[in-house]
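Reviewing the structure listed below.
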Amino acid sequence: LYHVLCIGDCQLQTSCRIQKCTTDFVSLTSHLNSALEGFDLEFCKALRAYSACTYRNSKVCRGNLVYHSAVLGISDLMSQRNCSKDGPTSSTNPELSHDPCNYSGHTEARKHQGGEKTPPPTYLFCGLFGDPHLRTFKDRFQTCKVEGAWPLVDNNYLSVQVTNVPVVPGSSATATNKITIIFKSYQDCTDQKVYQAVTDDLPAAFVDGTTSGGDGNTKSLQIVEKVSGKYVEMHARYIGTTVYIRQLGHYLTLAIRMPQELVMAYEESQDLQLCVNGCPSSERIDDSGHLPLPVMGQLLPQSGAAHPWSVYTLETATTKCHEKMLVKDIYFYSCVFDLLTTGDTNFTAAAHSALQDVEALHPRKEHWHIFPSSGGGGLGKSSKFFVGIGLVCFILVAFL
């Protein structure tokens with residue numbers, strides 16, 4: 001039965017694991033008896049597992065005669081036993097059943113191999129939205145200037161860079177108008193894939209025109225368009241990572257969930273990552289997480305011309321944000337800050353969707369909301385946030 005397959009000591013390239021595929025196939029079928037009922041079903045399941053193993057090694061085994069002999073042998077055996085190419089595969093061997101392009105499956109396989117219980121992987125969340133407001137992997141909340149291009153994430157598996165531009169003349173506040181993501185090449189799971197979004201161009205494909213990476217069936221990396229031109233999701237199964245990108249008004253928001261062990265897999269030269277270490281102190285607008293209430297005169301353009309956003313008072317901004325967010329956490333206060341800074345109601349939607357992304361991606365529900373009392377956010381005491389209706393909003397500074 002196995003005369004077409006190489007089971008002996010074949011001289012193979014070290015990177016080609018075809019012999020391991022063959023050995024696993026033999027171990028799955030050696031106990032089967034062709035005279036017993038159910039033989040064909042189990043044998044076909046083992047063949048499909050064998051075929052999947054050879055497919056995963058197709059690139060590294062290219063040009064290897066043993067590999068090509070095995071592929072032909074599998075095809076012959078499938079024909080002889082009338083096995084369909086699609087269907088269940090054998091899973092009696094823990095190592096064989098684990099999919100190397102599925103991060104959660106990979107961690108489960110390590111549990112089996114280690115022989116002892118290991119804690120489930122820890123996932124971290126980072127988000128950027130609005131003016132821009134940053135929630136780091138450590139659940140620290142900051143509001144920053146960071147004008148120009150800045151790295152959010154930069155490790156051995158993934159790079160995320162954002163570009164921020166000024167929102168209102170005369171204000172240091174900026175917002176994101178460009179996002180570039182590089183999914184780095186990983187084993188046989190995916191080639192390097194680059195994604196880029198800019199204002200009014202939120203594509204549902206990578207820059208090479210594809211919408212997925214890796215095996216066309218398993219799709220270890222995939223882009224899913226949720227709302228055309230407004231909202232896309234990226235799911236990288238091989239690194240257990242999910243990315244959400246939205247366009248609200250003229251600006252972009254980003255949310256990412258990634259395993260902690262992969263987040264921390266970076267070199268010393270890659271330490272400038274806003275999601276990991278936060279914004280440099282020189283780029284911070286907030287005071288230890290507390291937002292200073294914008295002063296209207298500081299935000300007027302040099303011409304002094306009136307703009308629609310000037311109609312927002314502290315009360316109307318608070319009311320507007322309260323329509324979307326009932327809980328007065330950092331997302332609520334960020335909404336108020338952004339409305340008073342820009343007058344653009346799209347920032348209300350940005351804060352609301354950012355909180356929705358937290359609820360969808362953040363692994364710990366008790367950490368979804370960060371409140372001013374915990375030092376996470378809120379408008380600073382000097383703003384007199386709860387005193388008067390828009391009292392401070394109309395103060396004009398003398399040194400315009």
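The residues of region 168-179 that are open to solvent by 30 Å² or more (accessible area, probe 1.4 Å) and closer than 26 Å to VAL263 by Cα, listed by number, are ASN177, LYS178.
For region 185-195, name all the residues that are out of contact with any helix residue (DSSP H, G or I) (no Cβ under 6 Å at 6 or more places or on another chain) and surrounded by 15 or more Cβ atoms within 10 Å (Cβ to Cβ). Steps first, answer last, please.
Taking region 185-195 as the starting set, the residues that turn out to be out of contact with any helix residue (DSSP H, G or I) (no Cβ under 6 Å at 6 or more places or on another chain) are 185, 187, 190-195.
Answer for region 185-195, where residues must be out of contact with any helix residue (DSSP H, G or I) (no Cβ under 6 Å at 6 or more places or on another chain) and surrounded by 15 or more Cβ atoms within 10 Å (Cβ to Cβ): THR190, ASP191, LYS193, TYR195.
As a summary of the residue check, THR163 satisfies the conditions (1) closer than 26 Å to ASN102 by Cβ; (2) open to solvent by 20 Å² or more (accessible area, probe 1.4 Å) except for the one numbered (1).
Within region 37-90, the set of residues being within 15 Å of ASP24 (Cβ to Cβ) and among the small types (Gly, Ala, Ser) comprises ALA46, ALA49, SER51, ALA52, ALA70, GLY73, SER90. Summed over region 345-379, the residues that are open to solvent by 50 Å² or more (accessible area, probe 1.4 Å), under 16 Å from HIS322 (Cβ atoms) and at pLDDT below 90 give a count of 1.
Each residue in region 243-286 was checked for being among the β-branched types (Val, Ile, Thr) and at pLDDT below 95, and 1 of them qualify.
The values are calculated or read from the model by the stated rules, or taken from the named source; none is laboratory data. Owing to the predicted nature of the structure, the values given are computational and were not obtained by experimental measurement. No Cβ is skipped: glycine too gets one built from the backbone with ideal geometry, and neighbour counts run over all protein chains shown. The protein model used for the area step is the full one, side chains on, heavy atoms only, and it has no ligands, DNA or RNA in it. Shrake-Rupley method; radii C 1.70, N 1.55, O 1.52, S 1.80 Å.
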